[in-house]
Amino acid sequence: MNRLYRSGVLGALVLCAALTLTPAPAHADSDDTALTNLISLVSQRLALAEPVARWKWANHQDITDPPREAALLADVARRAAAAQIDPEFARAFFQDQIDASKEVQNALFATWRSTRPPEGAPPDLATSTRPQLDQLTKSMIAGLSRVQTLRAAPDCPSRVAQGIANWKTLTRYDSARSGALTQALGHVCESGGVGATG
């Protein structure tokens, strides 16, 4: 399962790099390219839930960290306003990222309790994982700016659902993370929610 998940993450990184180098097509396709880029970033952020969980497990820390979560949400609201993005949209989107990450972490903790704990030394959050999360936050703020024209479209929920389905196919995304990926994209559309994925 972890091997598949890592394979999916690698695919995400490769596709994201390819999309970055692809010229912007017509307006509708441009919206979908922006959406695919955002899904890639969300997928990369969810991949970091595992090293975060490993560190918390090894250091006997709670999965929920209210002060850090509040600080992140305040920071993204400030950055969003500076980038002319609705701060409430940014807060809702990043709350979804937090909740989805905690869903993955809770699932990992449950697995480690019922089977066996993770092996090897935990990652160093300060020098490794946190800088990656910080960089993803910056990229995601930019990504939110690019999907703003899509948000109010009547078919936005179904396009997000199709984007997720395409992403899973392209990256062979780990099915155990599918619910978290959908949850993390729940506030992309102004109407909220993700359309049926079939």
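Taken together, the values in this text are just the output of simple stated rules run on the coordinates, not laboratory data. Nothing here was measured: the structure is a model prediction, and the numbers come from that model. Every residue, glycine as well, gets a Cβ built from its backbone with ideal geometry; the counts of neighbours run over all protein chains shown.
Things to note:
- Both radii were evaluated on the Cα set of the range 54-198; the Rg over Rh quotient, with Rh as the Kirkwood radius, amounts to 0.99.
- Length added when fully stretched, Ala82-Ser178, from 0.36 nm per residue minus Cα-Cα: 31.3 nm
- Rounded to the nearest Hz, the phi-derived 3J(HN,Hα) couplings of the range 42-57 under the Karplus curve 6.51 cos²θ - 1.76 cosθ + 1.60 (θ = phi - 60°) are 4, 4, 5, 5, 5, 4, 7, 5, 5, x, 4, 5, 4, 5, 5, 4, where x marks glycine and proline.
- The fraction of all Cα pairs in the range 71-153 landing in successive 10 Å bins from 0 to the largest distance is 15, 38, 27, 15, 5, given as whole percents.
- Distant-in-sequence amide contacts of Val147, defined by a placed amide H-H separation under 5 Å and a gap of 5 or more residues or a different chain, comprise nothing.
- Integer Hz, Karplus 6.51/-1.76/1.60 couplings in order for the range 114-129, x for Gly and Pro: 8, 10, 8, x, x, 9, x, 6, x, x, 8, 4, 5, 9, 10, 6
- For the peptides 115-122, 165-172, 92-99, the ranking by mean Cβ contacts within 10 Å, running from highest to lowest, is 92-99, 165-172, 115-122.
- Applying the Karplus relation 6.51 cos²θ - 1.76 cosθ + 1.60 with θ = phi - 60° to the range 156-161 yields 3J(HN,Hα) values of 3, x, 6, 6, 5, 4 Hz, where x marks Gly and Pro.
- Net +/- balance of residues flanking Lys138 in space, Cβ distance below 15 Å, scoring K and R +1, D and E -1: +3
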